[in-house]
Every structure is written in structure tokens, then in C-alpha cells.
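Before any comments, here is the structure.
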Amino acid sequence: MRKKAITMILSLGLACSMLGGCGKTAVQETKAAAESGNIKEVSGDTTEAEGGAKRVVLIGNQKFGDNGPMDDMAAAGERAAAELGVEFKKIESSPAAFEEDIRSMSQEGYDLVITTFGYMSDATKLVAQEFPDTKYTAIFQEINTPEEPVPNLWDAVFRGQTTFYVDGYIAGLATKTNRVGFIVGGEEPGPNAEGNGFMRGVYAANPEATVEFSYASYEDSAKVKEIALAMIDKGCDIIQGDCAAPDAGIIEAINETGKDVFALSCIMDFSSDCDNFVGTIKMNYGSAVYDAIKALVDGNYPGGEQGIRDITNDGYYLYWEAYDSFGERTKSQEYAERFKDAIEKGKEIEKQIKAGELVVDFDTTTPDWNRITSE
């Protein structure tokens, strides 16, 4: 077991690295510390490994503290540390450092390295092949294929096109202007499929409607607000957000204009922030992190496999409590009635999907309303 010894200089260096002001990443500092005297980083995010406990690191491509997916995954890792006796820590990375950070943590001897979202896939796959004795979990990434599985890597594949189809169906029925918007955080296969699912839901419910689509950001609510305002100017009376916390930009745009425009979100619940917030789709990111750690501890890690998480196992689910309370929150009696009927129909659509009676394709092409309506 490594000695728990940290000098004041190391502590200051680590603090600077986390703030990005000292020219080194957190993992560079950790590696340097390890090589300079059997020193181990200890922080509020790390617990001391005792008796050969497994060591797990979560490397995020986005910032923690988002009250969304990053914090959900971090909380699951901390819960696993408390319940399963593993050592857990989290670090933030950036595109230029993905490969370096993953490799450094592998060299540090972590038993399980967890990475987040598709932007990290290439680096995760490359380093996993370099360290066959280390286990890797790729959250919301598609790396394993039947033709080329990575034996020491499990990717948790989240497929939300089905839940977004339901939201699209609700929006298609409830819209008065026949123009709705969809804003997604970035161009990735999964989010693209969600956009296509939403559009297909709108079209199935209302062929006369039109969907305005735009990519935005997973970290910049101001950019989301700018896009939402433009969609409102075009006549959109319902906007679906798929940007996690930055969906707050849609709420700001609606509150600022004071118009009868209504919002749907993914992950975030803005019921207390906006009378015109309808409901949200939620995701269990953290459950994938916890399950991966538990499989590691139990000795049955599913390397080389994909674990699909969707509407059938609550990987994605509609948070109906928010939808059902919308009529009590909104000041628009007209839209309260429109959404009441649409929500009830949405619940019927959800049941059909879960029963396998309605199939929504996992279509990862760039969402295009003209293509959807010409199929």
C-alpha cells in the first residue's frame, strides 16, 4: 500500500492544475508525485485503498458541478466507494489531453478507467488496446462491434430515440403554430438519433408541423438561449432541449419574451423556474458507472460487450410527474388543455414502445426534417 504523504508544494501544484493555471494536467501532477517518492494523491474525491481494494477513476470530458450527467456519474462512483470498498476519484480532461490522461491513469495502475461520451471514444479504444490487463468503461459510447470487440472494454450504450419520439409526439399534438424546435448540445451519434426520434414523433402526430433543428452546446446556456430566441422569432411555440444543464437557456428565453412558448428538456427539471415548462426526459448515467464498478468487484466484468440502456430498462425514462403537474403550473388554459390530451396520448405511445408494438429506429444521421417527411 502506498504511503499517504503529500507535501505543501504538491498540494499547491494539484490545485493549480485543476484550475488550469500551472501548465500541467491533474494526471501529470499525480504521475509526477508517484514517480518522485511513492506519493499518492488524496482529495475529497479519493478514498484510500486498503487491503488491495480496486482502484477506479472517472475521467470526464465535461466539467463536474453541472447538476446533470457529470455529477450523476460522480455520485455513483462515490456511492460505489462507500458500498463496495473501492478507491474512487474523478478528474476533468480536455480534447487535447484525452489520450494522455487515459494513458496516465492506466500507467498509475487503476483497475478500471471510466470515460465519458463519444468525444473520448478514439482515445479510450486506443489506450485500452495498449493496456489489456486494465478494464475500461465507455459511457454513452459505441466502441465494441461484433467484428472488432475490445476484450477489456465495456461500453454503456444509451439509446434515447424512443423517449424523444414520445416527446415529439406530444409536441406535435400540442403545438398551435405547427412549428416546434429541437436544440441538441453537440453532433454525436446518440444525440443525432434522439433528434431523429423527436422529428419522427412530431411527424407521426402532426404531418402539418415543421421542426426547427440546431446544434448548440453542453456547457454554454447563453448559446442555447440565443438559438431559442431565434426559434421563437420563427414562430416555434414548443422547444425541446437536449443539452442537459444549458437547457436553462431555453427557460431564460421563454421567461424573457413572455410569450406562449413551452419547453421540454432532457435530464433537467425546470418546473420551479418556468410556468411554461412541460416535462423532462431523464437518464440513469450513474447506474452504468455503478454497475461497471460492481462487475469489476464481483469478477464478472463484461469486457467486449455493449450494454444497451434505453426506455425498457430506465436507461432513459419520461419523468411523468413533471408532465402531469404542468396544467397546474401554466397560466395558459388553452395550452393546458392541449398538453393534457397530448400527454395522455404520449403515455399510450410509451406503452406501445415498451411492448415492442412500435419500433423507433436508432438513426444516427444528421437530423433533417425534409428527409424525415420524405421517407
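The values are calculated or read from the model by the stated rules, or taken from the named source; none is laboratory data. What you see is a predicted model, and the numbers here were worked out from it, not measured in a lab. We place every Cβ from the backbone using ideal geometry, glycine too, and count neighbours over all the protein chains shown. Surface areas here come from the heavy atoms of the whole protein model, side chains and all, with no ligands, DNA or RNA. Shrake-Rupley method; radii C 1.70, N 1.55, O 1.52, S 1.80 Å.
Assuming R0 = 41 Å, what is the FRET efficiency of Y319 and S374, from their Cβ-Cβ distance, to the nearest 0.05?
That gives a FRET efficiency of 0.80.
What's the angle, to the nearest 10 degrees (0 to 90), between helix 248-257's Cα axis and the longest principal axis of the chain?
30
Taking the stretch 104-156, how much of its Cα-Cα pair set, in percent, is spaced more than 13 angstrom apart?
More than 13 Å apart: 50 percent of the Cα pairs in the stretch 104-156.
Let me check I've understood the local charge: for E226, count other residues with C-beta under 15 angstrom from its C-beta, Lys and Arg +1, Asp and Glu -1. What total comes out?
-4
Debye sum, Cα scatterers, the chain, no solvent: what log₁₀ I/I(0) at q = 0.09, 0.11, 0.14 1/Å?
Listed by q, the Debye log ratios stand at -0.55, -0.78, -1.11.
I'd like to know which of N300, A248, F262 lies farthest towards the positive end of the charge dipole of the stretch 246-375, counting +1 on Cβ of Lys and Arg and -1 on Cβ of Asp and Glu.
The residue sitting farthest along the positive end of the dipole is N300.
At 37 °C and 0.692 mPa s, grab the translational diffusion coefficient of the stretch 320-375 from Stokes-Einstein with a Kirkwood Rh over Cα pairs, rounded to a whole number in µm² per second. Don't skip to the end; give the middle numbers.
Values: Rh = 13.8 Å.
Rounded to a whole number, D works out at 238 µm²/s.
Leaving out ligands, DNA and RNA, and with a 1.4 Å probe, what % of the accessible surface on the chain is carbon or sulfur? Before the final figure, lay out the partial values.
Values: 7460 of 15690 Å².
Here it works out to 48 percent.
Taking only Cα atoms, what is the 0 to 90° angle, nearest 10, from helix 189-205's long axis to the longest principal axis of the chain?
That works out to roughly 20 degrees.
Taking each pair of distinct Cα atoms in the stretch 122-209 once, what is the resulting Kirkwood hydrodynamic radius in Å? Intermediate values should be presented prior to the final figure.
Numbers: mean 1/r = 0.0667 Å⁻¹.
It works out to 15.0 Å.
In Å², what does the accessible area per residue of the chain work out to with a 1.4 Å probe?
Working: 15690 Å² over 375 residues.
Counting only protein heavy atoms, the per-residue value for the chain is 42 Å².
Cα to Cα, under 12 Å, and not fewer than 8 places away if on the same chain: which aspartates and glutamates meet these conditions relative to K294?
Result set, ordered by chain and number: E83.
Using 0.36 nm per residue, how much length does the chain from K331 to K354 gain when fully extended, once their Cα-Cα distance is taken away?
4.9 nm is the gain from fully extending K331 to K354.
Taking 2.2 N^0.38 Å as the expected size of a compact globular protein, what ratio does the Cα radius of gyration of the stretch 247-346 give against it, to two decimals?
So the stretch 247-346 has a normalised radius of gyration of 1.42.
Distance cut-off 19 Å, Cα to Cα: go down the list K63/K135; K282/K331; K176/K259; K259/K282; K89/K282; K259/K347 and report the pairs above it.
Violating the 19 Å limit, Cα to Cα: K63/K135; K282/K331; K259/K282; K89/K282; K259/K347.
Hey, what's the Kirkwood Rh for the stretch 51-118 if you take every pair of different alpha carbons, in angstrom?
Its Kirkwood hydrodynamic radius stands at 12.3 Å.
Could you work out [θ]222 nm for the chain from helices alone, using -39500 (n - 2.57) per DSSP H run of at least four and dividing by all its residues? Round to the nearest 500 deg cm²/dmol.
On the way: 14 runs with 163 residues, N = 375.
Using -39500 (n - 2.57) per qualifying helix, the result is -13500 deg cm²/dmol.
For A263, enumerate residues with amide H under 5 Å from its amide H, sequence gap 5+ or separate chain, H modeled in the peptide plane.
I239, F277, V278
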